[in-house]
1. In deg cm²/dmol and to the nearest 500, what is the mean residue ellipticity at 222 nm of the chain if only DSSP H runs of at least 4 residues count, each as -39500 (n - 2.57), divided by the residue total?
2. Taking the mean number of other Cβ atoms within 10 Å as a proxy for protection, how do you rank 862-872, 575-585 from highest to lowest?
3. Would you work out which of Tyr128, Ile86, Asn57 lies farthest towards the positive end of the dipole of the stretch 27-140, given +1 charges on the beta-carbon of Lys and Arg and -1 on that of Asp and Glu, about the Cα centre?
4. List the chymotrypsin sites (Phe, Trp or Tyr not before Pro) within the stretch 91-193 that DSSP assigns to loop and that have no more than 13 neighbouring Cβ atoms inside 10 Å.
5. For Ala148, enumerate residues with amide H under 5 Å from its amide H, sequence gap 5+ or separate chain, H modeled in the peptide plane.
6. Expressed as a whole number of Å, what is the distance separating the alpha-carbon centroids of the stretch 297-314 and the stretch 369-437?
7. So what is the relative contact order for the stretch 563-672, in percent, with contacts set as C-alpha pairs under 8 Å and at least six apart?
8. Which is farthest toward the positive dipole end of the stretch 499-541 among Ser503, Phe530, Asn520, measuring Cα position about the Cα centre, with Cβ charges +1 (Lys, Arg) and -1 (Asp, Glu)?
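The values are calculated or read from the model by the stated rules, or taken from the named source; none is laboratory data. Being a predicted model, the structure only gives us computed values, none of them experimental. Cβ placement follows ideal geometry from the backbone for every residue including glycine, while neighbour counts extend to all protein chains displayed. Accessible surface is based on the protein model in full, side chains and every heavy atom, while ligands, DNA and RNA are left aside. Shrake-Rupley method; radii C 1.70, N 1.55, O 1.52, S 1.80 Å.
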Amino acid sequence: MTDSDESYRLPEQVKPILYDLFLHPKLKEGTFSGKVTILIDVVEDRNTIALHQKGLNITSGTLITHGLEQDYEITISIGPPTKYDIFAISTENIIKPGLYQLSLEFDGKLNRDDQKDLIGFYSSKYQYYEEIRYIATTKFEPTYARLAFPCFDEPNFKAEFSVKLVCPMENSYHSLSNMNIIKTEKNKPEENLMTTTFAKTVPMSTYLACFIINDMVSSKMMAKGLNGQEFPVSVYSTKLQTKEKRQFALHMGVKAIEYYIKLFKIDYPLPKLDLVAIPDFVSGAMENWGLVTFREAKLLYDDRNNSIIDKRTVVEVICHELAHMWFGNLVTLAWWNDLWLNEGFATFMSFKSANEILPNQKHMEQFSVNVMHKAFIIDAKLSSHPIIHNVKNPDEITSFFDEISYKKGASVIRMMEHFIGPDVFYNAISIYLNKYAYLNAESADLFHILQDAVGSKLNITAIMDTWTRQEGFPVINVRKSENTYVLTQKRFLEDSKARYDPSKSIYEYRWTIPITYITNRNETPTLIWFDKDADEVVIKVDERTKWIKLNVNQVGYYRVNYGEEWETYKELLRHHPTRLSIADRANLLDDLFSLAAADEISYFPVLTISFYMLIQEYHAVPWAVASSKMKTIYTLLNSATAFGPHAGSYFQIFSQRIVDNIFKDVGWNFDDSMEDDVSLTGIDSTVRVTILEFACAVEKRECLKQAGRIFMNWLTLNKMPHPNIRELIYYYGMRYISDEDNWRVMYEYFKDETDPLEKNKIMKGLAGIKSTKILDNYIKLATNETVVRSQDFFQCLINISENPDGTLLVWDWVRNNWEFLQNRYSLNNRYLGQLIPAITKSFTTKTKLEEMNAFFAKYPDAGAGADNRKKALETVTRNIKWVEDMAPIIKDWFNEWFLKEDKSFNE
Ligand code: MLT
Ligand code: ZN
């Protein structure tokens, strides 16, 4: 297909107004039948009506005029779908502009989880005592409503939906949809079946429709709207899950929806909101309007069995989905190239709202490490893409649900909120949401409204285009010259020597950057602008200025290289580290390690500064950064010599040394935790988990030994470890003990476990064993849907591949079983695409790179994984070079500095 092939888009001259939809799934047979009558508006003379369907058997169709004095039927013929799922209804004669009723009867297969992807109208199942229970449910975003009923399956065709669903009458089965129930008719259309009629929806896009036929139970609470009116919020789960877990989700759901109503000053427009935990679910969650669906592990949480990290994730996912009720559902992107308007906002808002509703959990503090730093990694590659990116083929639509849309999107929104100021920003957001309510918007529409709000002092479109319409981000280079700091900018790449053509971007990879800074003389942040067309920016300071910190709290989406000024940081961080905020310390660590990895600065100052910093650091966020950066180095160094001497050993000594102080202080005891996770010693649970995990990862002996002890107490005495450390106990305990019999016991636990979060932890634990024979067998067992649900299989493979003993095994298995994977998930599955970079990220040899190229050549069609292949090749190419160039430098630093300094430090 050429770049300009637009034949996958529907013509705009026929618009749906109302879908009257009847669906009758037969749960046990795995089929469904349906009928849809679509009220359409034809706006010009024509003889075809084009809409979407995929995999449906359309058995009959009629087209009738609507609203005339004497309506009449028009003779039609119905064509088969094209490769882009578009089919045409052709009329014998030209039809005139006006309203028509298009009715189609059809039947189809419920996509079975063991055969195909969990998309469209599909069936999920679970074991309820001796019985298998089926749930028919839907996942339509971005292009899968067409698998359930013929429709105009593009986000700009908003219409109303009147839905009728049929469900069995046995076992408390019932139906759910976006709206409230207005009628249930028993024994209709047949004995022992029930037909449920739902109220008509507001105008919405097809991808937000949702239908669930299920036997689940629920918990309910009322939430308040703007004028004190109330609406019910319910959480549904299978009967295997406890009420306590639904209750947590319910409280968070109510708090989040009330928070957004107040912030946007716009009511939630539907009469009810349901949050549903589905046993088989392709992504994390899906924001269907009024009927939000989740993976069980992303909704159901309880304090006694799940960890503080689980709690964070669940809260963020709930807050993310509920932000979509406005960003996405009320105001919808006009086309998928603006996906960030949905996902960037939902991601940013989830941190903001979670931070408000659970203030002690400090969600916003985690934003940089969990969101921005992850976006940086992808966006520092040549294979990155702009936030606003043309969709070149239909597979790309689903592949846009990536780190760039979500995480870079969220990061630039956060930066914008800051430079505009929250009051002005949220007022403008409220205007935007009101103006485009029930309509579609583009990035430019948002920027125009923000422009009106800020007046002439900033040019929002000009600023934001540099961040959204070209890939990548800048590094600011700082040079001190007497009483000035001179700033210049350039594009930051993970390999500073990588070549690219600046004319590929009309902004030539320059950005209009909000520069903020503090100094030792003035700790109130100052904001100045670095225009993309300016060569440099000069900051004047007085002679008593000793240091300057740019990008205060790392709100800006850029890096800073202080050049020779890193020397002043060495002193500052050695003697007065807390002069800088937690966020600034985390920022410095992230910039330091990334600049060194890219060869912008030497590892010498980086490792020296981090040594001084980390031996005194007690906060979770800088440690999360350090742990992630250092584990990457550790893995690469070890992977480079997988068959030779342990090259990482010197880095291991260094890693073990810097974690030593805090490791001794944090201990293993979570029982002294006060409410909201800060213990009596002032050490919070998050830092404790981070440290214990890091110490295990760098194989600190005392740590592994203790993990092994707790592991055996669990396995043999049934003494449950504290939920916060279960994941690391299961994994490193298994690694340390590594015994086949223990693995088998654990495997039985895994099979019986019904708590979804706990099950994930045991699944990870099983991946920790050293024996490749057992790991190999584990992969085979995991391909069985009744052992590992197909939704979890990718994670299972990634877990095994992250075990150094499993990396090659998984790579071989994936290559040998690619056709199995393709059949099970289809190439359009974005998670299949993401598997490749995930399982190859630690490769460091030319042989592996060649194997990757050969594999891609053998299967040239990458579907939604095309970008991921490019990304994976770029990463491995970089790894090879990094090991060659950097490993000797790190070793030199270790011998020349660390061995001496650490000794004198200890004296
Ligand atoms: C979301 O971002 O809320 C969903 O993950 C979207 C999706 O799965 O399609
Ligand atoms: Zn989302």
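1. Working: 27 runs with 364 residues, N = 907.
When only DSSP H runs of four or more count, the value is -13000 deg cm²/dmol.
2. On the way: 862-872: 22.2, 575-585: 16.9.
Per-residue mean Cβ counts within 10 Å order the peptides as 862-872, 575-585.
3. My answer, from the dipole projection, is Tyr128.
4. Working: sites: Tyr100, Phe106, Phe121, Tyr122, Tyr126, Tyr128, Tyr129, Tyr134, Phe140, Tyr144, Phe152, Phe157, Phe161, Tyr173; in loops: Tyr129, Phe140, Tyr144, Phe152, Phe157, Tyr173.
Those that pass, being in a loop and sparsely packed, are Tyr129.
5. Those qualifying (amide H under 5 Å, at least 5 residues apart or on another chain) are Phe121.
6. Taking the Cα centre of the stretch 297-314 as reference, the centre of the stretch 369-437 is 27 Å away.
7. Details: 68 pairs, mean separation 29.3, N = 110.
This gives 27 percent for the stretch 563-672.
8. Ranked along the dipole, the leading option is Asn520.
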